[in-house]
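Computed from the coordinates by the stated procedures, all read-outs in this text should not be read as laboratory data. Bear in mind that the values here come from a model prediction, so they are computed numbers and not experimental data. Neighbour counts run over all protein chains shown; Cβ positions are idealised from the backbone, glycine included.
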Amino acid sequence: MRTTTKQAGFTLIELVVVITILGILAAFAIPRFASLEVEARSAATQALGGSIRSGAALAHALWLAQGQPATVTMEGATITMVFGYPNLATIDDTLSDSTGFTYAAGTGIFTKDGATGTCQVDYDQPAAAGSAPGITVDVSSC
């Protein structure tokens with residue numbers, strides 16, 4: 001009696017077709033994923049700008065509600081006020097989390113870690129009574 005064995009596996013043509021399809025998919029996917037990194041840094045910087053605006057507005061509201069003191073306390077942190085808004089040294093204390101950014105208290109600039117170009121938020125404390133702080137988001141080259 002003769003036994004027939006059936007061979008299992010892929011033919012060379014099937015393997016070539018699969019490798020070709022994977023190569024085409026990779027050619028489209030790699031540039032798309034590279035672009036996502038830039039978009040993620042830009043979105044994180046925009047979000048930090050919104051958080052700084054909110055933190056400054058909350059500190060201002062506390063300042064008004066407490067009778068315009070020299071400092072207010074937010075989440076246990078003492079915030080020094082200048083014309084009703086946080087100063088450069090304490091604006092970062094109004095944020096609950098600024099992970100991924102480096103803050104330079106002397107200039108008021110939050111810089112996105114890992115960015116190769118300009119990817120930052122600039123906080124300028126008010127220069128006169130009745131004026132609001134300047135908050136500029138620059139994502140021109142994240």
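Let me check against my output: what whole-number percent is the relative contact order of segment 49-142, with C-alpha pairs under 8 Å and at least 6 apart? If you can, show how the numbers build up before the last one.
Details: 168 pairs, mean separation 21.3, N = 94.
RCO, segment 49-142: 23 percent.
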Rounded to the nearest 10, the angle in degrees between the Cα long axis of helix 12-65 and the longest principal axis of the Cα atoms of the chain comes to 10 degrees
Here, GluC sites (Glu not before Pro) of segment 1-76 satisfying both criteria (DSSP loop; at most 11 other Cβ within 10 Å) are Glu75
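Within segment 92-136, which chymotrypsin sites (Phe, Trp or Tyr not before Pro) sit in a loop by DSSP and count at most 11 neighbouring Cβ atoms inside 10 Å? Could the numbers behind the result be given before it?
Working: sites: Phe101, Tyr103, Phe110, Tyr123; in loops: none.
Here no loop site has a sparse enough neighbourhood.
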For the Leu58, Ile21 Cβ pair and Förster radius 41 Å, calculated FRET efficiency rounded to 0.05 is 0.15
By the Cα gyration tensor axes a ≥ b ≥ c (a/c under 1.5 gives rounded; else a/b larger than b/c gives prolate, otherwise oblate), the shape of segment 1-68 is oblate
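Filter the chymotrypsin sites (Phe, Trp or Tyr not before Pro) in segment 1-90 down to the DSSP loop ones having no more than 12 other Cβ atoms within 10 Å, then list what survives. Before the final figure, lay out each step's value.
Working: sites: Phe10, Phe28, Phe33, Trp63, Phe83; in loops: Phe10, Phe83.
Here the chymotrypsin sites (Phe, Trp or Tyr not before Pro) that fit, given the DSSP loop and packing criteria, are Phe10.
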With Cα springs under 10 Å, the Gaussian network model of the chain assigns the largest mean-square fluctuation among Leu64, Leu95, Leu12 to Leu12
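Let me have the 222 nm mean residue ellipticity of the chain computed from DSSP H runs of 4+ only, each contributing -39500 (n - 2.57), with the sum over all residues rounded to the nearest 500.
Numbers: 1 runs with 54 residues, N = 142.
Mean residue ellipticity at 222 nm (helix-derived): -14500 deg cm²/dmol.
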